[in-house]
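Student: Have a look at this one.
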Amino acid sequence: MTRASGSKRTGFPPLEPMYASVGHGVPDGDDWTFEPKYDGVRVLGFATADAARLMTRNDNDKAAQFPEVVDALRTLSAALGRPFVLDGEIVAVVHGQPARFQQLQGRMHTADASTIAALRARAPAALIAFDLLLDGDDVLLDEPWSARRARLERLLAKNRAPQLILAESEVADATVMMKRARAGRWEGVMAKRTDAAYEPGVRVRHWQKLKIEHRQEFVVGGFTEPRRGRQHFGALLIGYFDDAGRLKSAGHVGGGFSRDALADMARRLAPLERDSSPFADPIETNEPAHWVEPEVVVEVKFNQWTEDGRLRQPIFVGVRDDKEARAVGREAESVQGATAAASRRTEQAAAKKSVPGGKATAAKQVAATKKVAALKKPAAPRKSRVSPVVGELRRIEESGGSGTARFGRGLTLDVSNLDKVYFPAAGYTKGDVMRYYATVRNYVLPVIADRPLVLRRFPNGIDGKAFYQHRATRVPDGVRTEPVALGDDAEAVPFLIGGDLATLLYTVQLGAISVDPWHGRIDDVHAADYAILDLDPGPRASFARVVEVARAVRTVLDDLGLRAALKTSGATGLHIHVPLARGTSAETALILGQLVATRVAVAQPKIATIERKVAARARDAVYVDYLQNIPGKTVAGAYSVRARAGATVSTPLAWDELTDSLDPAVFTIETVPERLEQVGDLWRAVMRKRNSKRVLQALT
């Protein structure tokens, strides 16, 4: 194996990282600790006051690419008055959180200082340190992890630079970390024995990768010619080396490439072209193939392995120049193959054995979710047949990002740039948003049926400039619009009207992410089908406080004899909808909302407020906003994606799920479709049971 020397101009002895094995289940017991599997570049950070090196596992120094990390290491070494060596992961930081590997791509492979400076400004890098190998004159390799961790915490206690971060670690508690990993769409979790030494260059069983995603490195052995206007190439032909040193095919990958990534890959492969296939097995392609020397390593995520050893639904993640091609083999299955229910059972069992009483909140939330899933399912379909549009959108994205989606009966919609990343931290694309809506169409379309839609467009993703659009202009055939007057004397203008998949996907094509419907339908836009209470926490109010206020709202509603539906906002709050009888005026909805909000604020003055002026509110209070009932205002609809870093979804909840451990971040475009299979359409089940006019008249 290669040696990550670090000794070049630093005076350190040669060192190589210790490597983890793939874990096939969640280890149990008090002698394990669990850490996030960070999505970046593994390095050993060699630090002195005069110099620092960031050595990858194949002995490449990335100091030039990440100067802010080098500066932080040197500064800390000078402050301590001694050298040290860290083991850790360099990650990009977006919105203050570790981001996906894709955010490092532009920096890993360039030495141009101006390019690095520009990328550093957009997504600064940090070294997340999870081990300490040398501290001054002390070599810590033979010390147990627990001792090395204690030394690492003391060393980083003097650090003031945001470019050096101590890795999270949960001793004996797999439950919380695994739950967060699934909710946050992490690559996985690392399990480490707390009593084990550090063995450089060895792949050990006392470090285990618990992989949530199907994701690994592959070697490029060729590429196909492009089609449909795509530039440079169509797909990469990828594989891995078996035990006999033969390159075995894993299929091809064409999705996930940006235009810059296509051009970069073409430059890498051009000097490697050869006449014959490097694969040991025959390769069949739809387009003419070109072969290359198997030297370029790429990382790919995928749905699963097929029986014939090919990848299903592969997506390109990035180039890995920190790993030798000959070291790339097929990785064993980890915990990603288990069903969500089985995984939850495993984690809950682990929680019962190893989690102290104060840390069982995640298990309580799992229990609440299982309880909801056990209820009698509503009449609306629990399980939707997979729409052919989903597969068609995926094929379009993999073929260059532009094409025509077909909905049947001759209805089509031209879509473009499906490969554009809309959520940089999570790596979700415009195509991912479209496929989510196509997947949950039977749930989201009834919510917005016959309602005017207000669009907030993010044409360059959630980090780009956004703007609102009300008026619909020059829409394609098959996209529904209707004239709508905003006031009694106002001129009617065309609005997009919800209710069909083509119109919904057209809003995403325009750059909209959430679906924001009016409270009334097109046949009576001045009526309201429901009254809304938007629970909006102040900057110092925890989500647990939002839950507390929601319970107070429920108490008031019960006292008034009203039923209501509950959902996450998809952001930091909760939405409570009180279904109203057809024909109820918007004015009545506003009065009802004000009545309930006022009673909550009076009953809970320390935690709830209806004060309109932000500056006058307590910063740890929750604003019970009833003004969202004003005609023309909108909130994100049920099952709507939000323009938030994790691609969270405004998700209907059963009131039983309103627990102290409720975490709105677990509901994302990745997790909500599976949840719907389990619990059905909770929204429709409540909203179709309208509160009667008689009850409303008595209250208002």
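The values are calculated or read from the model by the stated rules, or taken from the named source; none is laboratory data. Keep in mind that what you see is a predicted model, and the values were worked out from it rather than measured. Here Cβ is always computed from backbone atoms with ideal geometry, including for glycine, and neighbour counts include all displayed protein chains. With ligands, DNA and RNA removed, areas are computed over all heavy atoms of the protein, side chains included. Shrake-Rupley method; radii C 1.70, N 1.55, O 1.52, S 1.80 Å.
Student: Does any residue of segment 263-278 turn out to be touching a residue at least 60 places away in the same chain (Cβ under 8 Å) and in contact with a Pro (Cβ under 9 Å, 6 or more places away or on another chain)? Explain how you work it out, then say what you get.
Tutor: Within segment 263-278, the first condition is being touching a residue at least 60 places away in the same chain (Cβ under 8 Å), and the residues that meet it are 264.
Then drop every residue that is not in contact with a Pro (Cβ under 9 Å, 6 or more places away or on another chain), which leaves none.
So far as segment 263-278 goes, no, none of its residues is touching a residue at least 60 places away in the same chain (Cβ under 8 Å) and in contact with a Pro (Cβ under 9 Å, 6 or more places away or on another chain).
Student: Starting from residues that are open to solvent by 10 Å² or more (accessible area, probe 1.4 Å) and touching a Ser or Thr at 6+ places or on another chain (Cβ under 8 Å), keep the ones in segment 537-568 and report whichever is farthest from ALA485 (Cα to Cα).
Tutor: Of everything passing the filter in segment 537-568, PHE543 is farthest from ALA485 (Cα to Cα).
Student: Hey, which of the strands (runs of 3 or more DSSP E) in segment 160-255, taking only ones fully inside, have at least 1 residues that are within 29 Å of THR668 (Cα to Cα) and open to solvent by 40 Å² or more (accessible area, probe 1.4 Å)?
Tutor: Numbers: elements: 164-166, 188-193, 203-211, 214-224, 236-241, 247-253.
Result: 164-166, 247-253.
Student: Take PHE12 and tell me if it is in contact with a Pro (Cβ under 9 Å, 6 or more places away or on another chain), in contact (Cβ under 8 Å) with a residue 40 or more places away in the chain, under 21 Å from LEU140 (Cβ atoms) and not small (Gly, Ala, Ser).
Tutor: Numbers: in contact with a Pro (Cβ under 9 Å, 6 or more places away or on another chain): yes; in contact (Cβ under 8 Å) with a residue 40 or more places away in the chain: yes; under 21 Å from LEU140 (Cβ atoms): yes; not small (Gly, Ala, Ser): yes.
Judged against the criteria, PHE12 is a match.
Student: While we're looking at this one, here's another question. Please state which of the following conditions GLU293 fails to meet, knowing it meets all the rest: (1) of a type outside the set (Ser, Thr, Tyr); (2) modelled with pLDDT under 90; (3) more than 29 Å from ASP173 (Cβ to Cβ).
Tutor: (2)
Student: Scan segment 584-593 and tell me whether some residue there is under 30 Å from the mean Cα position of the chain (by Cα) and either among the acidic types (Asp, Glu) or surrounded by fewer than 24 Cβ atoms within 10 Å (Cβ to Cβ) (or both). If you could, list the steps in order and put the result at the bottom.
Tutor: Taking segment 584-593 first, the residues under 30 Å from the mean Cα position of the chain (by Cα) are none.
No, because not a single residue in segment 584-593 is under 30 Å from the mean Cα position of the chain (by Cα) and either among the acidic types (Asp, Glu) or surrounded by fewer than 24 Cβ atoms within 10 Å (Cβ to Cβ) (or both).
Student: Enumerate the strands (runs of 3 or more DSSP E) found wholly within segment 381-463, keeping only those where 3 or more residues are over 29 Å from VAL666 (Cβ atoms) and touching a Gly at 6+ places or on another chain (Cβ under 8 Å). Spell out how you get there, then give the answer.
Tutor: Working: elements: 403-408, 411-415, 421-423, 453-457.
Fully inside segment 381-463 and qualifying: 411-415.
Student: Being among the basic types (Lys, Arg) and in contact with an Asp or Glu (Cβ under 8 Å, 6 or more places away or on another chain) is the filter here; which residues of segment 567-583 pass it? Quick ask: steps written out before the conclusion?
Tutor: In the first step, residues of segment 567-583 are kept if they are among the basic types (Lys, Arg); the result is 567, 582.
The answer is ARG582, and nothing else.
Student: Just to check your reading of the model, which residue among ARG457, ARG441, ARG406 is surrounded by fewer than 19 Cβ atoms within 10 Å (Cβ to Cβ), touching a Leu at 6+ places or on another chain (Cβ under 6 Å) and more than 24 Å from LEU311 (Cβ to Cβ)?
Tutor: Just one listed residue meets the conditions, ARG457.
Student: Moving to a separate point now. Somewhere in segment 686-694, is a residue charged (D, E, K, R), assigned to a helix (DSSP H, G or I) and open to solvent by 70 Å² or more (accessible area, probe 1.4 Å)? Steps first, please.
Tutor: Step one: of segment 686-694, the residues charged (D, E, K, R) are 688-690, 693-694.
When the remaining residues are screened for being assigned to a helix (DSSP H, G or I), the result is 693-694.
This time we only want the ones that are open to solvent by 70 Å² or more (accessible area, probe 1.4 Å), so: 693-694.
Taking every residue of segment 686-694 in turn, at least one turns out to be charged (D, E, K, R), assigned to a helix (DSSP H, G or I) and open to solvent by 70 Å² or more (accessible area, probe 1.4 Å).
Student: Look through segment 569-583, keep the residues that are over 30 Å from VAL666 (Cα atoms) and not hydrophobic (A, V, I, L, M, F, W, C), and return whichever of them is most open to solvent (accessible area, probe 1.4 Å).
Tutor: Applying the filter and picking the extreme gives ARG582.
Student: In segment 633-661, which residue that is β-branched (Val, Ile, Thr) and under 14 Å from SER514 (Cβ atoms) is surrounded by the fewest Cβ atoms within 10 Å (Cβ to Cβ)? Talk me through it step by step, then tell me what you get.
Tutor: Quick first cut of segment 633-661, residues β-branched (Val, Ile, Thr) only: 634-635, 641, 648-649, 651, 659.
From what is left, the residues that are under 14 Å from SER514 (Cβ atoms) are 634-635, 641, 648-649, 651.
Values: THR634: 18, VAL635: 22, VAL641: 28, THR648: 27, VAL649: 30, THR651: 25.
Per the stated criteria, the residue is THR634.
Student: Of all residues in segment 35-54, which are more than 21 Å from ALA191 (Cα to Cα), part of a strand (DSSP E or B) and open to solvent by 10 Å² or more (accessible area, probe 1.4 Å)? First the steps, then the outcome.
Tutor: Step one: list which residues in segment 35-54 are more than 21 Å from ALA191 (Cα to Cα), which gives 45-54.
Adding the requirement that they be part of a strand (DSSP E or B) leaves 45-47, 52-54.
The answer is ARG53, and nothing else.
Student: Oh, and also: Show the residue pairs meeting these rules: Cβ distance below 6 Å; 6+ apart or different chains; first residue within segment 677-700 and under 17 Å from GLY583 (Cα atoms); second residue crowded, with 21+ Cβ neighbours inside 10 Å.
Tutor: Pairs found: MET687/ALA565; THR700/THR588; THR700/LEU592.
Student: Ok, one more. Mind checking which residues of segment 595-632 are part of a helix (DSSP H, G or I), out of contact with any helix residue (DSSP H, G or I) (no Cβ under 6 Å at 6 or more places or on another chain) and open to solvent by less than 40 Å² (accessible area, probe 1.4 Å)?
Tutor: Within segment 595-632, ALA597, ALA601, LEU627, GLN628 qualify.
Student: For the condition in contact with a strand residue (DSSP E or B) (Cβ under 7 Å, 6 or more places away or on another chain), farther than 21 Å from GLY427 by Cα, basic (Lys, Arg) and surrounded by fewer than 20 Cβ atoms within 10 Å (Cβ to Cβ), what is the one hit in ARG74, ARG57?
Tutor: On the way: ARG57 fails: surrounded by fewer than 20 Cβ atoms within 10 Å (Cβ to Cβ).
That would be ARG74, the only listed residue that is in contact with a strand residue (DSSP E or B) (Cβ under 7 Å, 6 or more places away or on another chain), farther than 21 Å from GLY427 by Cα, basic (Lys, Arg) and surrounded by fewer than 20 Cβ atoms within 10 Å (Cβ to Cβ).
Student: Are any of the residues in segment 69-84 more than 21 Å from ASP138 (Cα to Cα), in a helix (DSSP H, G or I) and among the charged types (D, E, K, R)? Show your work before the answer.
Tutor: Step one: list which residues in segment 69-84 are more than 21 Å from ASP138 (Cα to Cα), which gives 69-72.
After this cut, where a residue has to be in a helix (DSSP H, G or I) as well, the list is 69-72.
Keeping just the survivors that are among the charged types (D, E, K, R) gives 71.
Yes, some residue in segment 69-84 is more than 21 Å from ASP138 (Cα to Cα), in a helix (DSSP H, G or I) and among the charged types (D, E, K, R).
Student: What are the pairs with Cβ atoms under 7 angstrom where one residue, in segment 62-76, is closer than 10 Å to ALA125 by Cβ and the other, located anywhere, is part of a helix (DSSP H, G or I) and open to solvent by 40 Å² or more (accessible area, probe 1.4 Å)? Sequence gap at least six, or different chains.
Tutor: From residues that are closer than 10 Å to ALA125 by Cβ, the pairs are GLU68/ARG120.
Student: Still on this structure, I have one more. From GLN313, GLN365, grab the single residue that is surrounded by 14 or more Cβ atoms within 10 Å (Cβ to Cβ), at pLDDT below 50 and either polar (S, T, N, Q) or touching a Leu at 6+ places or on another chain (Cβ under 9 Å) (or both).
Tutor: On the way: GLN313 fails: at pLDDT below 50.
Of the residues listed, the single one that is surrounded by 14 or more Cβ atoms within 10 Å (Cβ to Cβ), at pLDDT below 50 and either polar (S, T, N, Q) or touching a Leu at 6+ places or on another chain (Cβ under 9 Å) (or both) is GLN365.
Student: Say whether the condition of being charged (D, E, K, R) and crowded, with 20+ Cβ neighbours inside 10 Å is met by at least one residue in segment 108-130.
Tutor: Narrowing segment 108-130 to residues charged (D, E, K, R): 112, 120, 122.
Checking the rest, the ones that are also crowded, with 20+ Cβ neighbours inside 10 Å come to none.
No, because not a single residue in segment 108-130 is charged (D, E, K, R) and crowded, with 20+ Cβ neighbours inside 10 Å.
Student: Now a separate question. Could you grab me the full set of residues in segment 498-514 that are among the hydrophobic types (A, V, I, L, M, F, W, C) and open to solvent by 10 Å² or more (accessible area, probe 1.4 Å)?
Tutor: Restricting attention to segment 498-514, the residues satisfying the condition of being among the hydrophobic types (A, V, I, L, M, F, W, C) are 501-502, 504-505, 508, 510, 512-513.
The answer is LEU501, LEU510.
Student: If you take the residues of segment 417-431 that are more than 22 Å from TYR38 (Cα to Cα) and of a type outside the set (S, T, N, Q), which of them is most open to solvent (accessible area, probe 1.4 Å)?
Tutor: Residues of segment 417-431 more than 22 Å from TYR38 (Cα to Cα): 417-420, 430-431.
Those left that are additionally of a type outside the set (S, T, N, Q): 418-420, 430-431.
Values: LEU418: 0, ASP419: 16, LYS420: 65, LYS430: 9, GLY431: 0 Å².
For segment 417-431, the residue satisfying everything is LYS420.
Student: Just the residues that are surrounded by 15 or more Cβ atoms within 10 Å (Cβ to Cβ), over 16 Å from GLY499 (Cβ atoms) and touching a Pro at 6+ places or on another chain (Cβ under 9 Å), please, taken from segment 465-477.
Tutor: ALA466, HIS470
Student: With (1) of a type in the set (Ser, Thr, Tyr); (2) farther than 25 Å from GLY23 by Cα; (3) under 26 Å from the mean Cα position of the chain (by Cα); (4) modelled with pLDDT of 85 or more as the list, and SER169 as the residue in question, which single condition is left unmet?
Tutor: All conditions pass for SER169, except number (2).
Student: Now for a separate question. Can you find a residue in segment 478-497 that is under 30 Å from ALA621 (Cβ atoms) and either in contact (Cβ under 8 Å) with a residue 12 or more places away in the chain or open to solvent by 50 Å² or more (accessible area, probe 1.4 Å) (or both)? Give the derivation first.
Tutor: Applying the first criterion (under 30 Å from ALA621 (Cβ atoms)) to segment 478-497 yields none.
Within segment 478-497 (the criterion being under 30 Å from ALA621 (Cβ atoms) and either in contact (Cβ under 8 Å) with a residue 12 or more places away in the chain or open to solvent by 50 Å² or more (accessible area, probe 1.4 Å) (or both)), the answer is no, since none of the residues qualifies.
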